[in-house]
Structures are given as structure tokens and as C-alpha cells.
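Below: the structure, in C-alpha cells.
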Amino acid sequence: MREHSLTGRLVALYVLVLTLALTLVATITLAIMSRVLTNQIDSDLTSTGATVAQQTIDKIRGTTTQVLPSPYYVYVERPQLASLSYLTPSMEKRYGAPADITEVFEHKPFDPVTIPGNRSGTTWRALYLTSNSPDIPAVAIAYPMKNVHDTTSRMTFLIVTIAAIVIVIGTLASYLIVQRSLRPLRLIERTTQKIASGDLSQRVPTAKMGVEVGHLAGSINAMLGQIEAAMAARERSEGKMRQFVSDASHELRTPLASVRGYAELFRMGGIGPDKIAQAMERIESESARMGVLVEDLLQLARLDESRSLSLSQVDLADLAEGAILDFMARSPEYPTKLVGLGTEEPAPAWAVVDRDRISQVIANLLTNVKQHTPAGTRVEVAVGTQEVTSATGRVDMAVIEVRDHGPGIPPEQRAKVFERFYRVDTSRARSSGGSGLGLAIVSSIAAAHRGSARISETAGGGTTVTLTFPAAPLPEQQLEP
């Protein structure tokens, strides 16, 4: 089925409405005009026609000698004698006469009715008058309706001609108006075609678009902004994914090459009996390195999939204290203590978190301190609550800060340390630390708890990693009525 353009449909609808309106107006106008003309004839019948009828009766009775010429047809009913009719020859020649005037006597006196004429298509308006005379009980009077019909026909022709002209002009005007009104839509169409060709920076102009089209253009622009942002995010995600795969391959390639090299060397007999233990130790070391890397990648994948956390309300100060004790047992050469955010004594900081994950985060941060700072570096873990301003107002946040007083991180590299496989030492030497996934795991775990992780400089030199989580009310506050 062929589809018509919006312009054609709107113009057709306008012309249809205009035609119906003109037809209705013309019909009402002609009906009113015909009614007015008929009423005028009825009025003449009851006034002038009655005078003519009386003159005709007087002539019949011999009280007068003539009847003045008139356009009326007069019919005199005489029960004892033949009925008489009177119509001037000129009127009869022009209009004919009523076909059967006696039809009028079937109605009430002085009640005008329309009766057919003796000529095709002609009608007469007629009524009858009664008298008290026994010889002439009634007189019928009729007037031709031809003038009414002619006037109505001429008026109909005039109205139809004017209506046709108005419809033609209205069609042209409506076409121009619709074309002008749809110009913004055509502009939107051209813009979307450019967008479809790949130019997502295009936007639909909103100025001088009208209210409705302006709102549509604004909605389209908002949608385009979201699409452009989504496409940019997708490109960034794909870039990160490619970089992630490249980095993971790079990290796994070296230990895999070492394991393969030792295996091939053993197969070819290049390792003597006294070197087998050393080769196995190297294979085990490289396998352990790969195992740690795979575990870190698996954990990141689970976090990316937003797997459910085992949440409970805990005091972050207790978690931090436990992590510090474990760290000091492994690395007693790093003096570490638990402090408050602005005081020496830590304060309770309650939050709804996964206890194991947050303990892992603190442990990862302390391990980073050991990998990137010399022995003897002072370390503090600060815990407390802070009031921060958000989009919904001021809220309380539970805060953990891991501070060291080592060499620190250059400012231009602080924003990148949470990226996967990023290391401040770009040489990727194994002596410089791990695979670069530790802080990425920290950031992902914080985000999974609707928190955040950021890095800054410690007062006096060093690095501070700050974790924030939505604070939970103290247990005793929950019991209050």
C-alpha cells in the first residue's frame, strides 16, 4: 500500500475540513434564504392576496366592473354554480397555473401550503380564505414560487463559485503553511541523516522551532548526548579491554616462557642431576607468580560481574586493627599503628560492608607500602567518620586512610594508579612490585560497596590512600525508640 507524505495528509485534512465547513454554511444560508423568501410570499398572500380575492368576489357579484391586474391566481368555490378561477394572461403565459388548486382545501384556512403547477418543475404557494356567504364559502389564492427557485439557484451558483475559489486559495495557503511548519522536521531529518552516517557530534537546533518541535528537538539532543556518551564510553571500554588483554598477555608471557624453557631444557638433557632441584624451584616460583596473577584477574572479573557481597554491619576500626596485627607479624620492620582521622586515638566507624573484602583491601594497601617503600618507613592506618556534601545533601561517610612516609607518587601519576596493570615503574621489572592489579582491586571493591578510593600526598611526604563508605548508625543508636 502506497504511503502518502505528511504534507499531503495535512493539506488533504485541511481541505476536507474547509469543504465541510463551507458546505454546512452554504446549506444553512440557502435554507434560511429560501425560508425568508417563502415567508415573504406567505405574508403577501395573507395581505395583498386577500384584497385581490375580495375584488374578484365583488366582480362576480356585480358590485364592481373590473379587477386590477395582479400576479395572483384566484379560485372561487361556488357550491350551486361552477367554480371560477382568475389569472392574468401574462402571468399564465409566464408561470402557468396550479395543477389542482383544490388541494389547498384539505388544510386549514390561512395556512399556506406548496402545491405543484401544471408545468414541469413549477410549484405554487397557496392558501384559502373562508366567508360567511353561502354562495361563495371559500376563495383560494396562489402565488408562483418560480422567483424563489430562481433566486435560490442563482445564490447556489454564486455560493458554489465562491466556495470553489476559497477552497483553491485555501489549498495553496495550507500547502505553504504546512511546508513552513514542517521545515523544522525536515531540519531534524537532515541532522539525523548526518548522525546515521556516523557524525555523532551533530545536534538539532532548538531556536525558532516552536513549542512542540522545540521540545522534540531538545529530547532528541538529550538522547544524542546519551548515545554519544555511551559510544565514547564503549570506545574507552574497548580500549581498556584491549590494553587489559595486552597487559595480561605480557604479564603471563614471561613466567610461561620460563616454565617452558626449563621444561625444554630438561627434555633435551641440558639440566644435570645437580641442577634439577634448582630448575624445579624456578618452575614452582614462576607457577606461583602466574597463580597470583590469575587469582587477581579472577577476582576483578567477579567484581566486574557485580556478584553479591556478604554484607554485615562492622566497625572498620576493628578490621583495620586486625589487618595491622597481621601486617606487623609479617613485616615487623615497618612500624605501623592505628590512629583517628584527626586524633591519635581511633574512633568507631560503622559501615555495612563485606568483612573479608574490606580486610583484603587494607591488607593489599599495606602490602603496597612494603613493596614501594624502604624498611623502617612509618605507616599509619587512620579510621573515623566525616560529613561530606553530596547531590542529596550532607551525609556521613566512614573513612579509612592508609598513610606511609615513603618517597611518594608523582602528582601526574596519581590518577592512573587505580588502572589495571599500571605501575609507577614502567620498566615492568619484577623487583618493582606486583603485576599492577592491587590498587585496581582496591578501587573495584570500594565501588562495589558504593564507596570510593582516591590517592593523595601524606603531610610531610609520602602517599595516602583514602577509602570512603556510606556510614551506618551505631548499634546503640539503632535501639533507640
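The values are calculated or read from the model by the stated rules, or taken from the named source; none is laboratory data. Since we're looking at a predicted model, the values are computed, not measured. Heads up, the Cβs are rebuilt from the backbone with ideal geometry, glycines too, and the neighbour counts pull from every protein chain shown. These accessible areas exclude ligands, DNA and RNA; they are computed on the full protein's heavy atoms, side chains included. Shrake-Rupley method; radii C 1.70, N 1.55, O 1.52, S 1.80 Å.
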**Q.** Sulfur and carbon atoms: percent of accessible area, region 68-220 [1.4 Å]
**A.** 61
Q.
If I model a spin label as a point 7 Å beyond the Cα along the Cα-Cβ vector, how far apart are those points for residue 325 and residue 81 in nm?
A. 14.8
Q | Extended-chain gain in nm, criterion 0.36 nm per residue less alpha-carbon gap, residue 276 and residue 192 | A | 23.3 nm
Q. So between residue 386 and residue 130, what do we pick up on full extension, going 0.36 nm a residue minus the alpha carbon distance?
A. 80.9 nm
Q) Per residue, how much accessible area does region 118-176 have with a 1.4 Å probe, in Å²? A) 55
Q.
Explain nothing, just the number: dipole magnitude of region 89-185 about its Cα centre with +1 on each Lys and Arg Cβ and -1 on each Asp and Glu Cβ, in debye rounded to the nearest 20.
A. 780
Q.
Taking 41 Å as R0, compute the FRET efficiency from the Cβ-Cβ separation of residue 110 and residue 158 and round it to 0.05.
A. 0.75
Q: Please work out the FRET efficiency for the pair residue 447 and residue 15, using the Cβ-Cβ distance as r and a Förster radius of 60 Å; give the result to the nearest 0.05.
A: 0.45
Q: Would you give the gap between the C-alpha center of region 70-108 and the C-alpha center of region 154-188, rounded to a whole Å?
A: 52
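Sorted by accessible area (1.4 Å probe), largest first, how do 124, 350 line up?
Per-residue accessible area, sorted high to low, gives 350, 124.
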Q.
How much length would be gained if the chain were fully extended between residue 23 and residue 6, taking 0.36 nm per residue of separation minus their Cα-Cα distance, in nm to one decimal?
A. 3.6 nm
